[in-house]
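The values are calculated or read from the model by the stated rules, or taken from the named source; none is laboratory data. Computed from a predicted structure; not experimentally measured. Virtual Cβ from ideal backbone geometry, glycine too; neighbours counted across all protein chains shown.
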Amino acid sequence: MKTNSTLLILALVTSLVLPGFAADEKDKLNGAKCLVAAKNPAKADKSVEYRGAKIYFCCENCPKAYEKDKAKFATKANHQLVLTAQAKQEKCPLSGEAIDKDQTVEIAGVKVSFCCGNCKGKAEKAEGDAKLEIAFADKAFDKGFKVEKKK
């Protein structure tokens, strides 16, 4: 009888603690998806260093695929840095000029501001991966975003 009571208490504690842990992990990643298997959620314990920060994957195999062709995943990695609040926007990703908060477009869950209506219009007209490229390709990312220093 004592064993059954212990198992019941253990099950109850686990059901109360683990959902909180999972929620904290999800909050940290802000809904980020794996860079390689884009349909799968990223996991906090499956990461590699990137631009002085971390990018996240769903399993042990995805970082290996990333390492084989880093350039292929650069745009999505840059996007993930902003999505997970490891990078902040400072300037327009197209022109490198100061941003106008009234010229903002949501791109894959991230609000990106531009300097003017022309730059905003380019982002609004683009679709799918082309929209991601406008704001988060390496050249655009370097113009508009800065990785936050680790504390």
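Criterion applied to Lys131, Lys143 was being surrounded by 14 or more Cβ atoms within 10 Å (Cβ to Cβ) and in contact with a Gly (Cβ under 6 Å, 6 or more places away or on another chain), and the one residue passing it is Lys143. The set of residues in the stretch 70-128 being basic (Lys, Arg) and under 19 Å from Lys146 (Cα atoms) consists of Lys76, Lys88, Lys91, Lys101, Lys111.
Can you tell me how many residues in the stretch 101-128 are surrounded by 13 or more Cβ atoms within 10 Å (Cβ to Cβ), assigned to a loop (DSSP other than H, G, I, E, B) and out of contact with any strand residue (DSSP E or B) (no Cβ under 7 Å at 6 or more places or on another chain)? Residues in the stretch 101-128 being surrounded by 13 or more Cβ atoms within 10 Å (Cβ to Cβ), assigned to a loop (DSSP other than H, G, I, E, B) and out of contact with any strand residue (DSSP E or B) (no Cβ under 7 Å at 6 or more places or on another chain): 2 in total. Scanning the stretch 90-100 turns up one or more residues that are surrounded by 13 or more Cβ atoms within 10 Å (Cβ to Cβ) and more than 25 Å from Gly52 (Cα to Cα). May I ask you to verify whether Ile55 is under 16 Å from Phe136 (Cβ atoms), β-branched (Val, Ile, Thr), in contact with a strand residue (DSSP E or B) (Cβ under 8 Å, 6 or more places away or on another chain) and surrounded by 16 or more Cβ atoms within 10 Å (Cβ to Cβ)? Taking the combined requirement at face value, the residue satisfies it.
Taking first residues from the stretch 104-130 that are among the aromatic types (Phe, Trp, Tyr) and partners that are modelled with pLDDT of 95 or more and assigned to a helix (DSSP H, G or I), the Cβ contacts under 8 Å between residues at least 6 apart in sequence or on separate chains come to Phe114/Lys120; Phe114/Ala123. Within the stretch 34-50, can one find any residue that is surrounded by 15 or more Cβ atoms within 10 Å (Cβ to Cβ), of a type in the set (Ser, Thr, Tyr) and touching a Ser or Thr at 6+ places or on another chain (Cβ under 8 Å)? No, there is no match, as no residue in the stretch 34-50 is surrounded by 15 or more Cβ atoms within 10 Å (Cβ to Cβ), of a type in the set (Ser, Thr, Tyr) and touching a Ser or Thr at 6+ places or on another chain (Cβ under 8 Å). When Ala77, Ala65 are checked against the criterion of being more than 17 Å from the chain's Cα centre (by Cα) and outside any strand (DSSP E or B), Ala65 stands alone in meeting it. Looking across the stretch 67-88 at every residue that is surrounded by fewer than 17 Cβ atoms within 10 Å (Cβ to Cβ) and aliphatic (A, V, I, L, M), the one that is nearest to Leu132 (Cα to Cα) is identified as Ala71.
Of the residues Val48, Val82, Val110, Val36, only one is at negative phi and touching a His at 6+ places or on another chain (Cβ under 7 Å); which? Val110 is the lone residue from the list that is at negative phi and touching a His at 6+ places or on another chain (Cβ under 7 Å). Before we move on, is Lys64 more than 18 Å from Ala108 (Cα to Cα), among the basic types (Lys, Arg), buried (at least 16 other Cβ atoms within 10 Å of the Cβ) and free of Cβ contacts under 8 Å to residues at least 40 places away in the same chain? The answer is no for Lys64. Looking only at residues of the stretch 17-51 that are modelled with pLDDT under 90 and of a type in the set (Lys, Arg), we find that the one that is farthest from Lys149 (Cα to Cα) is Lys26. Any residue at all in the stretch 103-119 that's modelled with pLDDT of 95 or more, under 16 Å from Asn30 (Cβ atoms) and not hydrophobic (A, V, I, L, M, F, W, C)? Looking for residues that are modelled with pLDDT of 95 or more, under 16 Å from Asn30 (Cβ atoms) and not hydrophobic (A, V, I, L, M, F, W, C), one finds at least one in the stretch 103-119, hence yes.
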